[in-house]
Amino acid sequence: MPHEPQPQHPDELDAEAVRTWSSLALAALGRAREDIDAINVYPVADADTGTNLYLTAESADRGLAEAFPGVTDGTGATSLSEAVRAWAHGALVGARGNSGTILAQLLRGVADVLGAEQSGQSDPAEHGGRGTGTLLARALTRAAEEAYAAVAHPVEGTMLTVAGAAARAGEAAGAAAGTAVDVARAAYDGARAALAETPGQLAALSRAGVVDAGGCGLVVVFGALWQALSGQEPAAEPVRGRAVPVPQPPEPCAQEDGPAYEVIYLLEASEAAVGELRERLDGLGDSLVVVGGDGLWNVHVHVDDPGAAVEAGIVAGRPYRIRITHFGDERRRARGERAQRAVVAVVPGEGLAGLCGEAGATTVLVRPGELPSAAELLDAVRRAHAREVVLLPGGAELRAAAAAAAEQARAEGVRVAVIPTRSAVQGLAALAVHDPEGSFDEDVVAMTAAAGATRYGELAVAERQSFTSAGICQAGDVLGLIDGDVAVIGSDLTETAEAVLDRMLGSGGELVTLVLGPDVPDAVAERLEAYVQHGHLAVDTVTYRGGRYSAPLLIGVE
């Protein structure tokens, strides 16, 4: 059940206050999201800032809810420190888009101050012992500072400006010995005033006659803070996202020459490695925001080469939950249009995610042992933003989740077809014949036929002794699977792959697709290509790199 917001004592800032702030912010962003989407023209007019802020707040609220009532301060009450840290962590792992990523860093800044205070890591002299008003003011100041630091090239007239103005107003109220309510009200008023000035600070906003969309969402969040502490509901106009009267933005023709893709992923890496990553990504694209800390980061960048952006993350550490979005669909969305058709592909490897993303598909990355849920597949269908969606689950174990996601999407008015692909190579075959200009039914039939005509093989390493359809295997043996069943047991990857190819090509074939895992050398692909050419002169071979999280070798024969 949703948390019922509770008004606080004027100078009370505890876990319950944070929980109430989160619940009110989520509800208010839900009401304002469409208005905020409608005025989104910077940095990309993709009409999703309100949605991204809402989804980020939803993830933050979910993370906070999971902390209740498990963590206490020793008296049976949930601690402020753990509450704010859980809230910030939830935002970090679920941050969406440029605005959501910045919001996640703002919440981290708040958590850095409030969490340290609760756990006794801060010096009471720093806030003069004047109570939680000063403490809250310091938290808002830290939040603004960290948000500015997270953006590679800060621009005024954006939500950064609004955050900075709110922090300064809050600091002034705190210095005057104000209560937490006084600080929250001052921050809210400062944010509203700063938002109204954004069209004069940023040319893109001035041309469109709108205020900054991200800043508009931040005003909603500050309004929720004041309401949580005071029990008074903010005025409707700023909460609904329009601090000044604005028309609908024009078609975003001015940004058609910008980067073609948005790339977002979580990254486990050291701070030093992230510093090098920032420099590398800054040279690849723009709108670079890297937020987080303590070994976990959320990376957001706009690029023309999504594969290079993902590869940079692999060099830095361990990227996962990779999302690649093509701005062609987003720009149509900004004009109030949906793409007619899109493909959502579930893929077991970062290289495959980049490959399918470049082909125009919205991708969902599978990590070993972490299958995506129906909610994640539904989110990908929504991100595709099309009237018709072809969903490629890529594994029999995902059929139920794919069916559930498709059913919900259909209830939302999207026509969805699930093609029962059982391997990534079947998905590649289906994607290769995808015709977005043809009729939906014909396209689905062609993609289904291409997937069904592709036999799939996989090489894996046995983790323990077990019985298989090819006999008993020992830990460390190389297993050659064909259409999901173990067909060959060997000791060498290349020799086992040759045996698998012999069996798969025994019934014919015109094209062999090889997808190499991250630790498989190029020499293996060269040997297998030569092996196919020597034994089957009319068969062509194509090779891809599956990237991190992919199997040692995937084989497709069609």
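Within the bounds of the range 435-456, is there any residue that is within 21 Å of Leu514 (Cβ to Cβ) and polar (S, T, N, Q)?
yes
Only residues that are polar (S, T, N, Q) and in a helix (DSSP H, G or I): list them for the range 530-549, please.
Residue satisfying the conditions is Gln533 alone.
Quick one: which of Ala152, Ala144, Ala165 is closer than 29 Å to Asn298 by Cβ and at pLDDT below 90?
Ala152
Out of the residues in the range 64-79 meeting the condition of being within 27 Å of the chain's Cα centre (by Cα) and either in a helix (DSSP H, G or I) or among the aliphatic types (A, V, I, L, M) (or both), tell me which one is modelled with the highest pLDDT.
Looking at residues that are within 27 Å of the chain's Cα centre (by Cα) and either in a helix (DSSP H, G or I) or among the aliphatic types (A, V, I, L, M) (or both), I get Leu64.
Would you say Arg527 is farther than 24 Å from Ala470 by Cα, of a type in the set (D, E, K, R) and not in a helix (DSSP H, G or I)?
No; evaluated as a whole, the condition is false for this residue.
Pick from the range 435-452 the residues that are of a type outside the set (A, V, I, L, M, F, W, C) and farther than 17 Å from Gly556 by Cα: which of them is surrounded by the most Cβ atoms within 10 Å (Cβ to Cβ)?
This residue is Asp443.
I need the full set of residues from the range 386-413 which are in a loop (DSSP other than H, G, I, E, B) and either in the same structural domain as Asp485 (by TED's automatic domain parsing) or closer than 23 Å to Val433 by Cβ (or both), in order please.
Across the range 386-413, the qualifying residues are Pro393, Gly394, Gly395.
Hey, does the range 375-390 have a residue that's at positive phi and surrounded by 14 or more Cβ atoms within 10 Å (Cβ to Cβ)?
Yes, because at least one residue in the range 375-390 is at positive phi and surrounded by 14 or more Cβ atoms within 10 Å (Cβ to Cβ).
Hey, could you check the range 16-43 for residues that are modelled with pLDDT under 85 and crowded, with 24+ Cβ neighbours inside 10 Å and say which is nearest to Cys216 (Cα to Cα)?
Only one residue tops the list, namely Asn40.
What number goes with the only condition from (1) in contact with a strand residue (DSSP E or B) (Cβ under 7 Å, 6 or more places away or on another chain); (2) modelled with pLDDT of 90 or more; (3) farther than 23 Å from Glu370 by Cβ that Tyr531 does not pass?
(1)
Could you say which residue among Glu197, Glu233 is part of a loop (DSSP other than H, G, I, E, B), surrounded by fewer than 24 Cβ atoms within 10 Å (Cβ to Cβ) and over 29 Å from the mean Cα position of the chain (by Cα)?
On inspection, the qualifying residue turns out to be Glu233.
Quick one: count up the residues across the range 136-182 that are surrounded by 24 or more Cβ atoms within 10 Å (Cβ to Cβ), touching a residue at least 60 places away in the same chain (Cβ under 8 Å) and over 26 Å from the mean Cα position of the chain (by Cα).
Residues meeting the conditions: 3.
Among helices (runs of 4 or more DSSP H) lying entirely in the range 414-524, which contain 2 or more residues that are closer than 30 Å to Ala380 by Cβ and out of contact with any Cys (no Cβ under 8 Å at 6 or more places or on another chain)?
By residue number, 424-432, 440-452.
The values are calculated or read from the model by the stated rules, or taken from the named source; none is laboratory data. Computed from a prediction, not measured in an experiment: that's the story for all the values here. Because the Cβ atoms are built from the backbone with ideal geometry, glycine has one as well, and the counts that use them run over all protein chains shown.
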